[in-house]
1. Shape verdict for the stretch B:39-180, please, from the Cα gyration tensor: rounded (a/c under 1.5), prolate (a/b greater than b/c) or oblate.
2. Based on the Kirkwood radius over alpha-carbon pairs, what value in µm²/s does the Stokes-Einstein equation return for the translational diffusion coefficient of the stretch B:141-219 at 25 °C and 0.890 mPa s?
3. Do you know the relative contact order of the stretch A:1-81, to the nearest whole percent, from alpha carbon pairs under 8 angstrom that are 6+ apart?
4. Would you list the P(r) distribution for the stretch A:32-89, with all Cα-Cα distances sorted into 5 Å bins from 0 and each bin expressed as a whole %?
5. Dividing the convex hull volume of the alpha carbon atoms of the stretch A:2-149 by its residue count, what do you get in Å³ per residue?
6. Evaluate peptide B:380-393: per residue, the Cβ atoms of other protein chains within 10 Å of its Cβ; return the mean as an integer.
7. Mind checking Rg over Rh on the stretch A:151-271, alpha carbons, Kirkwood formula for Rh?
8. Write down the Å³ per residue value for the convex hull defined by the alpha carbon atoms of the protein assembly as shown.
Amino acid sequence: MDEARDLIDQCVSGATAVDVLCIEGSLLRGPRGTGGFHRFGGGAKPMIEWVRQIAARARHVVAIGSCSSWGGITAAGINPTDACGLQYDGEAGGGLLGPDFRDPGGLPVINVAGCPPHPDWITETLAALAHGSLRAEHLDDYGRPRFFADQLVHHGCPRNEYYEFKASAHKPSDQGCLMEQLGCKGTQAHADCNQRLWNGEGSCLRGGYACIRCTDPGFEEPGHAFSTTPKIAGIPLGLPSDMPKAWFIALAALSKSATPARVRENATADHMLRAPSVKRTKK
Amino acid sequence: MSPESTRRIVGPFNRVEGDLEITLDIAEGRIAAAYVNSPLYRGFEQILQGKMPADALVLVPRICGICSVAQSAASALALADAAGIEPPKNGRLAANLTLATENLADHLTHFYLFFMPDFARADYAGRPWHAATVERFRATVGSAPNQVLPARARFMQMMGLLAGKWPHTLAVQPGGSTRPLQSSEIFRLHRTLREFREFLETVTFGARLDEVAVIAGRAQLDVWRARPGGGDLRAFLAIAEDLDLWHLGRGTDRFMSYGCYREEDRRLFPAGLWHGAASALDIAAIDEDITHAWYAAAGLPQHPATGSTLPVAEKDGAYSWCKAPRLAGQVVETGALARQVVAGHPLARDMIEGHGGSVAARVVARLLELALVLPAMERWLTELSPGEPWCITAPTAEETLGVGLIEAARGSLGHWITVRRGRIHNYQIIAPTTWNFSPRDAAGQPGALEQALAGLPASATKALPAAIHHVVRSFDPCMVCTVH
Ligand code: SF4
């Protein structure tokens with residue numbers, strides 16, 4: 001309590017050096033710019049004031065999670081608390097610290113985005129900072145460490161074969177690809193969830209539910225229900241990253257007509273109905 | 001505040017999830033009155049308005065990174081209620097397993113990482129158990145945290161298979177689970193449970209779980225403690241006796257549980273109310289009072305099904321963002337102790353006999369649940385049937401209502417949803433810590449923690465005694481859920 005207050009005061013005054021300021025949770029500017037929705041316990045000063053002051057002293061500033069990166073879920077709907085991120089307000093640069101913020105070494109806020117971020121993304125980012133090896137070119141356009149943000153969730157998804165043939169799940173617990181019907185954005189989402197895995201051998205897709213692109217700014221307001229895919233004339237609106245639309249349509253039509261019965265039948269079942277056939281090479 | 005009392009503001013609290021501040025009026029060396037304040041407002045109930053009902057499953061778990069599955073489970077139940085559906089057996093068992101994994105991990109974390117480190121404080125240097133407690137429980141460097149964290153991480157691998165990931169899964173649906181398990185995966189889950197059982201039996205209890213589960217009262221607990229076997233529970237019981245934690249932190253003597261873990265025709269832990277005797281729980285008698293909370297006064301206390309959440313920056317007499325839920329106008333305590341008292345566990349009932357809830361009783365009840373729930377999880381795993389359905393779907397009606405009541409690690413969690421024209425019209429949440437850490441109500445009745453702190457020794461100027469920490473933490477507060 002008192003010890004915690006003293007320590008924080010020393011961080012503001014500079015008496016205690018701050019190597020890395022890690023912030024979890026959105027920065028709440030409301031009501032009416034006062035920051036009064038989030039006071040730091042034990043005093044009258046709003047949290048955003050503490051963050052501004054300590055950020056100005058810290059060697060590095062790290063946003064842990066999509067809330068402190070861009071505002072995140074707390075900024076959804078009517079954004080009742082006027083929530084934003086440290087250096088972004090949704091997709092727009094700015095946020096609490098402003099677009100021009102740089103730490104003494106020239107780095108912007110490092111956005112370990114994700115809702116939640118994978119624990120390894122946090123520890124590996126902090127390790128790289130401690131090691132002194134994290135440079136501006138290791139961050140992507142949104143300030144996210146490239147070691148996880150330069151992957152797509154689609155990479156390594158066990159449903160890839162279903163995706164290839166557009167053999168789609170129709171209801172939760174089906175084994176097929178979740179892109180066409182159930183809202184999966186794995187082909188556009190920047191993260192290595194299906195390569196690094198969660199809690200041993202998990203990921204959203206391995207758990208049977210859609211990737212909601214939680215590492216991207218604005219994911220909290222997709223403009224449609226999270227678990228359904230918005231379409232125009234039967235074509236999903238969110239196409240895979242870097243894929244021309246005409247090619248997608250042509251390939252989807254072709255692959256649908258070539259779907260093996262095994263893939264088609266298994267896609268809408270919750271367990272394997274047909275196993276891959278076994279071929280003998282020697283007669 | 002009376003003229004001869006001094007006011008002190010205490011906060012922030014470390015090793016508490018979220019923001020907490022307590023104002024103490026101190027007179028004649030004791031706490032004359034405590035005012036518990038949540039200095040953070042988050043606005044989830046406002047965010048949910050106008051959303052598609054199913055989107056609640058994405059939004060509500062994100063209220064909290066530690067009670068995430070509990071929020072999902074309450075939401076899934078509310079949506080199932082609104083749609084008039086019931087998950088198939090596999091879906092129900094998977095939901096039990098997922099919630100139980102989170103609840104048990106929370107109990108373990110609370111005991112080892114949040115609660116016990118307070119006994120390593122310098123305040124206690126000189127007590128016979130202090131040196132051993134410092135070695136074992138000091139935050140981050142003790143031998144216990146370094147043993148518990150890997151064991152917990154290993155146990156949480158249950159979530160990778162059951163729910164894709166933790167926190168913030170979408171596997172828990174109104175119609176069941178999105179994650180069908182195949183038999184080899186079920187064997188892997190058995191293996192993980194077996195490892196966790198071994199950890200608890202060797203490290204935490206120094207005894208088999210079934211030996212702990214059948215301890216039927218304080219006297220038997222003392223006999224059990226005197227037996228060899230070691231383990232951290234025995235170490236805690238020695239401290240509890242030395243510091244008389246059995247008489248510290250009495251709150252209201254009313255204990256409430258919504259009941260949880262649905263089985264074929266019952267719940268593993270039933271719903272109810274205990275106030276010297278058992279009575280049925282009347283959900284219709286729940287109201288939220290906002291007299292002392294920063295919300296626009298809508299007049300009388302409101303039932304959550306028709307409640308509102310309209311924050312105001314200033315309001316006379318208000319001191320918290322936490323509303324004050326009451327059951328038939330009364331303050332109740334919720335949590336593992338309440339759950340086991342309501343369920344009729346003889347040790348839980350005996351621990352509150354005569355002196356009500358206490359720091360020791362709350363802590364022992366949590367560890368008792370580890371011994372009670374893990375065997376149930378082993379049973380649920382054997383009842384799963386791969387090949388049978390895991391999830392059903394049903395369209396939600398355009399106009400409907402639903403309620404979802406479950407027990408999170410910290411106690412009773414309720415979600416109330418109203419759907420109009422196919423969208424969420426109203427969504428109200430009462431979290432466990434909202435009950436336990438509520439401010440005063442219109443009648444001036446202090447909340448459960450406020451009552452538990454009143455009367456403790458405290459000085460107007462000197463460092464506050466560790467007992468205050470023990471009492472606060474004995475409730476295992478989760479402030480981010482409180483002020484959703
Ligand atoms: S479910 Fe999503 S991530 Fe997986 S293959 Fe389909 S589109 Fe890709």
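Every number in this text was worked out from the coordinates using simple rules, so none of it is lab data. Computed from a predicted model, the values in this text were never measured in an experiment. For neighbour counting, all protein chains shown are included, and Cβ atoms are generated from backbone atoms with ideal geometry for every residue, glycine included.
1. Numbers: a/c = 3.46, a/b = 2.02, b/c = 1.71.
Judged from the Cα gyration tensor, the stretch B:39-180 comes out prolate (a/c at least 1.5, a/b above b/c).
2. This corresponds to a translational diffusion coefficient of 166 µm²/s.
3. Numbers: 105 pairs, mean separation 29.1, N = 81.
Once divided by the residue count of the stretch A:1-81, the mean separation gives 36 percent.
4. 4, 18, 24, 28, 18, 7, 1
5. 112 Å³
6. Other-chain Cβ atoms within 10 Å of each residue's Cβ, averaged: 2.
7. On the way: Rg = 13.6 Å, Rh = 14.5 Å.
Reported Rg/Rh (Cα atoms, Kirkwood Rh): 0.94.
8. Measuring per residue, one finds 177 Å³ for the Cα hull of the protein assembly as shown.
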